[in-house]
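**Student:** The structure follows.
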Amino acid sequence: MPEEAEDSHRSPQGVPYGELSHIVNADGLYLFCRYWEPNTPPKALVFIAHGAGEHCGVYADVAQKLNQHALFVFSHDHVGHGQSEGERMNIKNFQTYIRDVLQHVDLIRGRYPTLPIFILGHSMGGAISILAACERPQDFAGVVLIGPMIQMNPESATPFKVFLAKVLSHMMPSLTLGTIDPKWVSRDPNQVDAYENDELIYHRGMRVSFAMQLMSAATRIGSELPNITWPFYIIHGGDDKLCDIAGSHLMINQAKSTDKKLKVYDGAFHAVHHDLPETAESAIQEVNTWILERLPAPSGP
């Protein structure tokens with residue numbers, strides 16, 4: 001990409017992309033990227049798919065813990081999020097997120113063609129991860145899901161509300177619904193403060209049109225669940241008010257995978273990896289252990 005083009009494109013914060021790690025997606029939009037490299041030769045690659053309204057920078061602590069076990073971690077801000085281009089938290093087709101993840105995975109796999117690839121997704125990033133793995137099951141050695149969005153909360157997605165959302169999506173797609181209440185993200189007040197004060201996180205209401213894309217993703221996941229055969233590990237907070245834990249139980253029950261596990265942290269909220277320190281530490285250690293146990297045995301001398 002010519003340097004002039006990179007400098008003519010600026011992040012929403014006004015920084016030329018020539019000064020930022022980035023990829024350009026199939027629509028010509030610039031996506032901000034982060035790479036966390038271990039100090040020793042990597043044993044595997046891990047892509048992190050962040051949640052709705054978030055950005056990949058909030059996973060630095062998770063990535064650094066994975067680095068300690070020689071895992072190369074990479075991520076990007078989804079279109080319309082963080083330091084990436086695109087209308088804020090609005091998208092015409094959920095498939096764009098999946099396509100962009102697979103593009104980035106292909107790019108890094110080209111640099112490390114012999115290493116296994118894992119994908120870790122939180123919340124909406126969980127939905128993206130599931131659908132990416134369903135699209136290219138041979139690409140991933142395993143999928144880790146933390147508080148994933150698998151199905152819509154029945155209280156917020158009653159048949160009447162779904163019908164109303166569809167009508168409004170056609171008539172008033174920019175109409176905003178409620179915002180994510182930061183207090184439900186974590187039981188740790190420090191994490192809640194960090195979430196509230198992070199200027200890269202989208203704090204406004206969700207548009208009806210965006211909610212419809214989430215619903216369509218959940219419908220697609222529902223139809224894919226019985227076809228899933230790849231290894232996965234779900235971690236979910238027992239008191240998650242943002243992504244319904246029933247979806248995680250449904251995935252465990254319906255997926256045909258022989259290597260599947262669900263761990264519920266009683267009392268934990270939505271972002272288990274950023275919950276109370278001992279819960280968060282345990283969750284990240286669980287992720288590390290699960291990935292390391294699925295790496296191929298080192299070849300002999």
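**Student:** Any residue at all in region 278-294 that is on the phi > 0 side of the Ramachandran plot, of a type in the set (Gly, Ala, Ser) and in contact with a strand residue (DSSP E or B) (Cβ under 8 Å, 6 or more places away or on another chain)? Explain how you work it out, then say what you get.
**Tutor:** Narrowing region 278-294 to residues on the phi > 0 side of the Ramachandran plot: none.
No; the residues of region 278-294 include none that is on the phi > 0 side of the Ramachandran plot, of a type in the set (Gly, Ala, Ser) and in contact with a strand residue (DSSP E or B) (Cβ under 8 Å, 6 or more places away or on another chain).
**Student:** Being among the charged types (D, E, K, R) and under 17 Å from Cys33 (Cα atoms) is the filter here; which residues of region 60-75 pass it?
**Tutor:** Kept after step one, since they are among the charged types (D, E, K, R), are these residues of region 60-75: 61, 65.
Scanning region 60-75 gives a single hit, Asp61.
**Student:** Of the conditions (1) among the aliphatic types (A, V, I, L, M); (2) modelled with pLDDT under 95; (3) crowded, with 23+ Cβ neighbours inside 10 Å, Val101 fails just one. Which one is it?
**Tutor:** With respect to (1) among the aliphatic types (A, V, I, L, M); (2) modelled with pLDDT under 95; (3) crowded, with 23+ Cβ neighbours inside 10 Å, Val101 is out only on (2).
**Student:** Out of all the residues in region 255-301, which are in a loop (DSSP other than H, G, I, E, B), within 19 Å of Ala60 (Cα to Cα) and more than 19 Å from the chain's Cα centre (by Cα)? Before the answer, list the steps.
**Tutor:** Step one: filter region 255-301 for residues in a loop (DSSP other than H, G, I, E, B), giving 255-259, 266-271, 275-276, 294-301.
Next, only the ones that are within 19 Å of Ala60 (Cα to Cα) stay: 270-271, 275-276.
Scanning region 255-301 gives a single hit, Leu276.
**Student:** Which one of Ile252, Ile221 is over 19 Å from Arg136 (Cα atoms), in a helix (DSSP H, G or I) and hydrophobic (A, V, I, L, M, F, W, C)? Talk me through it step by step, then tell me what you get.
**Tutor:** Details: Ile221 fails: over 19 Å from Arg136 (Cα atoms).
Going through Ile252, Ile221 in turn, the sole match is Ile252.
**Student:** Given the structure, is Ala127 more than 24 Å from Thr219 (Cα to Cα) and either modelled with pLDDT under 95 or among the small types (Gly, Ala, Ser) (or both)? Lay out the reasoning, then the answer.
**Tutor:** Numbers: more than 24 Å from Thr219 (Cα to Cα): no; either modelled with pLDDT under 95 or among the small types (Gly, Ala, Ser) (or both): yes.
So Ala127 fails the test.
**Student:** Condition check: of a type in the set (Asp, Glu), at pLDDT 95 or above and either crowded, with 22+ Cβ neighbours inside 10 Å or on the phi < 0 side of the Ramachandran plot (or both). Does Glu3 satisfy that? Can you show your working first?
**Tutor:** Numbers: of a type in the set (Asp, Glu): yes; at pLDDT 95 or above: no; either crowded, with 22+ Cβ neighbours inside 10 Å or on the phi < 0 side of the Ramachandran plot (or both): yes.
No: the conditions fail for Glu3.
**Student:** Further, regarding this structure: In region 189-229, which residues are without any contact (Cβ under 8 Å) to a residue 40 or more places away in the chain and surrounded by fewer than 14 Cβ atoms within 10 Å (Cβ to Cβ)?
**Tutor:** Result: Pro189, Asn190, Asp193, Glu196, Asn197, Glu199, Thr219, Ser223, Pro226.
The values are calculated or read from the model by the stated rules, or taken from the named source; none is laboratory data. The shown structure was predicted, so the numbers you read here are calculated from the model rather than taken from an experiment. Ideal geometry is used to build each Cβ from the backbone, glycine not excepted, and the neighbour counts take in all protein chains shown.
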